[in-house]
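Trainee: Have a look at the structure that comes next, please.
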Amino acid sequence: MIAAPQRQGPWAGVRVLDMTGLSGAYGTRVWAALGADVICVEPPDGSPIRRMPPLAPGHEGPEASLWWAYYGATKRSVVLDPTDADDAAALVALIGSADVVLDDALPAIQDSYPWLADSDQGGLGVAGIVARFPHVTWVSITPFGMTGPRRGWRSSNLIGWASCGLASTVGFPHGPPLTPAGEIGVLMHGASLHAVIGSMMSVRARNQATAAGEPALGQTIDLSLQEVGLWLSPETGVPLYLDDQVPRPRAGNRRPVTSPMGMYPASDGYVAIIAIQPTHWNAVAQWVNELTGNEGILDEIFVDIVVRREALEAVDAWVEELTTQFTKQELFVEGQRRRIPITPVNTVGDLRHDPHLEAVGWWRSEEHPVLGTFTVPGSPFTTDVDWWAWQRAPILGEHTDEVLSELS
């Protein structure tokens, strides 16, 4: 294997090839941040993430996407055209130098990758390349998995949520089914997290085997978007239905289990409230009473969540009399003081100026030769050692010559 550039972190010395789009981007970002040498293998027109809006104002081209500016950070970019014989040979060599490869092509495409054909090495496609380089962990992220009758079906974030059964429970009662978080692609990010956890476990198992004097073998990881969706939706999706056979209809932005439970309007947006326990409800009722003079809300009968569910519309109306008189932040702060589970429903703009995130120094500035100076989110976790690495996203093909020279 080829030595990776000198990096710090728990995964220093590991090389990861990213041949995915959004379904692998966050996972490989985590790999890179924790010390791995992550190489994005891009076609001549660049990764599809480079074309995802929003684009930086006043910019266009492969460096303009704000998605790429974040997910490409701390990685290296190599442009290879697999239809070119020399590039195909370089790609095979690059795979042989890696510890982990992430791929999101459909199974039929993986089965017949022309650049993986090698009659001398016994086989076509991923099976052949894994046999040739047994130390490599190959992660296939596909819509319905690498086997079964739907292995060749195409998909998307929308279809993934629909096929796992969750979309039918998201939305308002008289409206169409919706996908969680719409354009954000949450299912793709969920798959990416599964990919990074699974591949890290595989590398760890391989390293442990090596330390014990056993063969250093990687693994083939078959990751289905549909199965990831099922895993992400245990409370309202198919898993819970199989447990109690109670259908979960679309209920909008509130849960008809009791009240208050869901989103309520503030003067500048929405807050989320979940007041299930008696102490939570009593605190809400006392606050409403103090503000509006409503004596009926203090009746002990409403401590029972079943009663509040039966009087859902009335209780919701009483709570809205409270919430609409304050901003999201005011409700959050006072709710904390009164020990009520209430929090603002923040937009990205809200988070950018959130006083807590500002106080802990979570946001950081990034310098980019095309985009200039811009602000990016900090690390998702902290440790005793500052492992999370920062380096700007690469220009398209910036490291092609550098990486290929490492193979010679």
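The values are calculated or read from the model by the stated rules, or taken from the named source; none is laboratory data. Values in this document were obtained by computation on a predicted structure and should not be read as measured data. As a convention, Cβ positions derive from the backbone with ideal geometry for all residues, glycine included, and neighbour counts pool all protein chains shown. Calculation scope for accessible area: heavy atoms of the full protein, side chains included, ligands and nucleic acids excluded. Shrake-Rupley method; radii C 1.70, N 1.55, O 1.52, S 1.80 Å.
Trainee: Taking the alpha-carbon centroid of each part, what is the distance from segment 40-99 to segment 255-329 in angstrom?
Mentor: 50
Trainee: On to the next question. With every protein chain in place, what's the accessible area of Thr382 (1.4 Å probe, Å², nearest 10)?
Mentor: 130
Trainee: Still on this structure: For the chain, what is the accessible area per residue in Å², given a 1.4 Å probe and the full set of protein chains?
Mentor: Computed with neighbouring chains in place, this is 49 Å² per residue.
Trainee: Diagonalise the Cα gyration tensor of the chain and give the resulting equivalent ellipsoid semi-axes, square root of 5 times each eigenvalue, largest first, whole Å. Let's see the in-between values first.
Mentor: Numbers: eigenvalues 445, 125, 73 Å².
So the three semi-axes of the chain are 47, 25, 19 Å.
Trainee: Of Gln277, Ala191, Ala266, whose Cα points farthest to the positive end of the dipole of the chain (charges on the beta-carbon: +1 Lys, Arg; -1 Asp, Glu; origin at the Cα centre)?
Mentor: About the Cα centre, the residue reaching furthest to the positive side is Gln277.
Trainee: For segment 171-240 and segment 383-401, write down the distance between their C-alpha centroids in whole Å.
Mentor: Here the two parts' Cα centres lie 24 Å apart.
Trainee: Okay, moving on. For the chain, give the magnitude of the charge dipole about the Cα centre (Cβ charges: +1 Lys/Arg, -1 Asp/Glu; no others), in debye to the nearest 20.
Mentor: 480
Trainee: Further question on the same structure: Can you send over the carbon and sulfur percentage of the accessible area for the chain, probe radius 1.4 Å, protein chains only?
Mentor: Of all accessible area on the chain, carbon and sulfur atoms account for 58 percent.
Trainee: Can I ask one more? Check each of the GluC sites (Glu not before Pro) in segment 288-367 and keep only those in coil by DSSP with at most 14 other C-beta atoms within 10 angstrom; list them in order.
Mentor: Taking segment 288-367 and a limit of 14 other Cβ atoms within 10 Å, the loop GluC sites (Glu not before Pro) found are Glu295.
Trainee: Order the following by accessible area, largest value first: Asp86, Asp222, Asp316, Asp384. Probe radius 1.4 Å; ligands, DNA and RNA are ignored.
Mentor: Asp384, Asp86, Asp222, Asp316
Trainee: Sticking with this one: Once you place label points 7 Å from the Cα toward the Cβ at Ala216 and Thr324, how far apart are they in nm?
Mentor: 6.7
Trainee: Here's something else I'd like to know. Along Cα→Cβ, 7 Å out, is where each label goes; now give me the distance between the ones at Thr375 and Arg150 in nm to one decimal.
Mentor: In this crude spin-label approximation the distance works out to 4.2 nm.
Trainee: Additional query: What order do you get for 196-202, 263-269 when each peptide is scored by the mean count of other beta carbon atoms within 10 Å, highest first?
Mentor: 196-202, 263-269
Trainee: Taking the dipole about the Cα centre of the chain, with the C-beta of Lys and Arg at +1 and of Asp and Glu at -1, give me whichever of Pro62, Met52, Gly397 is farthest to the positive side.
Mentor: Working it through, the farthest residue towards the positive pole turns out to be Met52.
Trainee: Is it possible to state the helix-based mean residue ellipticity at 222 nm for the chain, with each DSSP H run of 4+ residues giving -39500 (n - 2.57), the sum divided by total residues, to the nearest 500 deg cm²/dmol? What is it?
Mentor: Numbers: 16 runs with 153 residues, N = 408.
About -11000 deg cm²/dmol.
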